[in-house]
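Just so it is clear, none of the values below were taken in a lab; they were calculated from the coordinates. Predicted model only: the values in this text are computed from it and were never measured. Every residue, glycine as well, gets a Cβ built from its backbone with ideal geometry; the counts of neighbours run over all protein chains shown.
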Amino acid sequence: MKKLIVVLLICINIFAAPGVGDKEVDFNLPNLYNQSATFSNNDFKGKVVLLNLWASWCDGCKEEMPFFVELQKEFNKNDFLIVLSNIDSDPQNAISFLKEVDEKRVLTSLYDKDKILPKGYRSIGMPSSYLIDQDGKIIEIFVGSIDKKSMKNLKLKIKDLLGK
């Protein structure tokens, strides 16, 4: 019986999704606009990051993008970054959509054709966003679109993490 319990606990640990307080998922992904340029989570160390997993076919993802553009404009990129990770099978779909809402490329956009991040975070829905602190620790998880009320709370958390 003890062996069974130990095996079950190990399985739960192995298959559990990263949660608040856990380390971010490691990645190395290409830039959406220039796939010869890659980014890893180490490139964002020392910054507060809002990592957003999205797809162009996701209505909720499309709804929150204008909020993200405004949020990124509100905070200095030296301190805070919104990092988008798109999972479309054709990156051109994502690029076409972003041209409409982020024509100045305010948001950092990555392409995740193999869905490394949704698998790593064990995302249960699109969109999914992860607020990550300067040390790579997950502070908050948002499943589904971030609405105006959630955005207000998110801004407060970002300011708190930045000491503002």
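The table that follows gives values for the structure above.
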item	result
Distant-in-sequence amide H partners of Ser109 (H built 1.01 Å from N, under 5 Å)	Leu32, Leu84
Cut-off under 5 Å, modelled amide H: who pairs with Ser128 long-range	Leu53, Gly144
Cβ crowding within 10 Å averaged over residues, with 141-147, 51-57 ranked highest first	51-57, 141-147
³J(HN,Hα), Karplus 6.51/-1.76/1.60, whole Hz, each residue of the range 29-44, x for Gly, Pro	10, x, 5, 4, 8, 9, 6, 7, 9, 10, 10, 10, 4, 5, 5, 10
Cα-Cα over 22 Å, subset of Lys119/Lys149; Lys62/Lys152; Lys77/Lys155; Lys77/Lys152; Lys104/Lys159; Lys47/Lys149	Lys119/Lys149; Lys104/Lys159; Lys47/Lys149
Equivalent ellipsoid, the chain (semi-axes from 5 times Cα gyration tensor eigenvalues, Å)	27, 19, 15
Computed FRET value (nearest 0.05) for Val20 with Glu70, which takes r as the C-beta separation and R₀ as 30 Å	0.75
Per-residue HN-Hα couplings for the range 64-76 [Karplus 6.51, -1.76, 1.60; θ = phi - 60°; Hz; x = Gly/Pro]	8, 4, x, 4, 5, 4, 5, 5, 5, 5, 6, 10, 5
Length gained when the stretch Ile141-Lys104 is fully extended (0.36 nm per residue, less Cα-Cα span)	10.6 nm
Normalised convex hull volume, the range 39-136, alpha-carbon set, Å³ per residue	93 Å³
